[in-house]
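The values are calculated or read from the model by the stated rules, or taken from the named source; none is laboratory data. In this text the structure is predicted, and so the values were computed from the model without any measurement. Backbone-built Cβ (ideal geometry, glycine too); neighbour counts: all protein chains shown.
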Amino acid sequence: MTVSVLRTLDAWWVQTPAGAAKINTSATTTAELLADRSTIEAAAHSSDTVPVDSLKLVSPVTKPCRVVAQMTNYASHVNDAGMDPKTISLTFFRKSSASITGPFDDVVKPAHVRFLDYEVEIGLVIGRDIPVGTNVSESSLSDFIAGLVVTNDVSARDIQLPQTQFYEAKSYPTFTPVGPALVQLDASELKRFGDLRLRLRVNGELRQDMLVDGDMLYKPLQALQSLARFQDLAAGDLILTGTPVGTA
């Protein structure tokens, strides 16, 4: 069963059909919360709720953490960039977690940046430590992925493309909106990852709209298997899985 975890500056919540139920926890980080999942389960069955729209929601992924992103991971995006998806290997880059911001916060353009772009993405939230050398298999994948979040990989294209400076171009403060919910999944639900659809609108205009299946080149299992060869990951880390066609 999916459980949607929300966060305000002073508390954690579970979204229920009746509203938001407060989680009885002292956790201040995503990692600490995920280490005590019994409190999440208890809140999911609570009848003591408040309206979700009465909460000022912030990112359910706390910082500092690692933010790792997959590059050119949708065939439609690769084709749009004039490349051949068959030639694309599994590639990663890093973002500063200082760029994480809330789902409804303003994105602030630095004064020297001229060209901002958006990239709607599915974020994987790591649920337990993955030291280098860990064997990640299809059967164990749900042990390592605590849940999913909606993210936006905001990019300063005039920094990224002419200078090939991905890290700076994607790491300015507010350049990684996350949330509002961290949606926890069980193993059977994670198997339906390909059924997810990404949509992004700008001023009401639909710009991105794509089903994962048939377009994503490297799925979460392949991403974690690759990262586990060289990169330690910890509970609460965030993996961005790429964006489909439709960026500006």
- Scan of the stretch 175-208 for residues that are part of a strand (DSSP E or B), touching a strand residue (DSSP E or B) at 6+ places or on another chain (Cβ under 9 Å) and without any contact (Cβ under 8 Å) to a residue 40 or more places away in the chain, ordered by number: 197, 201, 206
- Near pairs, Cβ below 7 angstrom, 6+ apart or cross-chain, from the stretch 209-222 (farther than 18 Å from residue 245 by Cβ and modelled with pLDDT of 95 or more) to any residue that is assigned to a strand (DSSP E or B) and among the hydrophobic types (A, V, I, L, M, F, W, C): 220/124; 220/145
- Task: Would you tally the residues in the stretch 54-89 being more than 30 Å from residue 3 (Cβ to Cβ) and in contact (Cβ under 8 Å) with a residue 12 or more places away in the chain?
- Result: 10
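Here's the yes/no breakdown for (1) assigned by TED's automatic domain parsing to the domain that holds residue 216; (2) out of contact with any Gly (no Cβ under 6 Å at 6 or more places or on another chain); (3) over 30 Å from residue 207 (Cβ atoms); (4) among the hydroxyl-bearing types (Ser, Thr, Tyr):
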site	(1), (2), (3), (4)
18	no, yes, yes, no
26	no, yes, yes, yes
92	yes, yes, no, no
96	yes, yes, no, yes
- Residue, surrounded by the fewest Cβ atoms within 10 Å (Cβ to Cβ), within the stretch 108-125, restricted to residues that are under 14 Å from the mean Cα position of the chain (by Cα) and among the β-branched types (Val, Ile, Thr): 122
- Query: Quick check: anything in the stretch 53-73 in the same structural domain as residue 176 (by TED's automatic domain parsing), crowded, with 17+ Cβ neighbours inside 10 Å, assigned to a helix (DSSP H, G or I) and not hydroxyl-bearing (Ser, Thr, Tyr)?
  - Reply: no
- Of the conditions (1) within 19 Å of the chain's Cα centre (by Cα); (2) surrounded by fewer than 21 Cβ atoms within 10 Å (Cβ to Cβ); (3) hydrophobic (A, V, I, L, M, F, W, C); (4) over 27 Å from residue 213 (Cα atoms), residue 141 clears all except one; give me its number. (4)
- Note on the stretch 154-172: residues part of a loop (DSSP other than H, G, I, E, B) and either touching a residue at least 12 places away in the same chain (Cβ under 8 Å) or surrounded by 15 or more Cβ atoms within 10 Å (Cβ to Cβ) (or both) are 154, 170, 171, 172
- Apart from one, (1) without any contact (Cβ under 8 Å) to a residue 12 or more places away in the chain; (2) not in a helix (DSSP H, G or I) all hold for residue 47; the odd one out is (1)
- Note on the structure: Picked from the stretch 79-106 (must be β-branched (Val, Ile, Thr) and surrounded by fewer than 16 Cβ atoms within 10 Å (Cβ to Cβ)), the residue nearest to the chain's Cα centre (by Cα) is 91
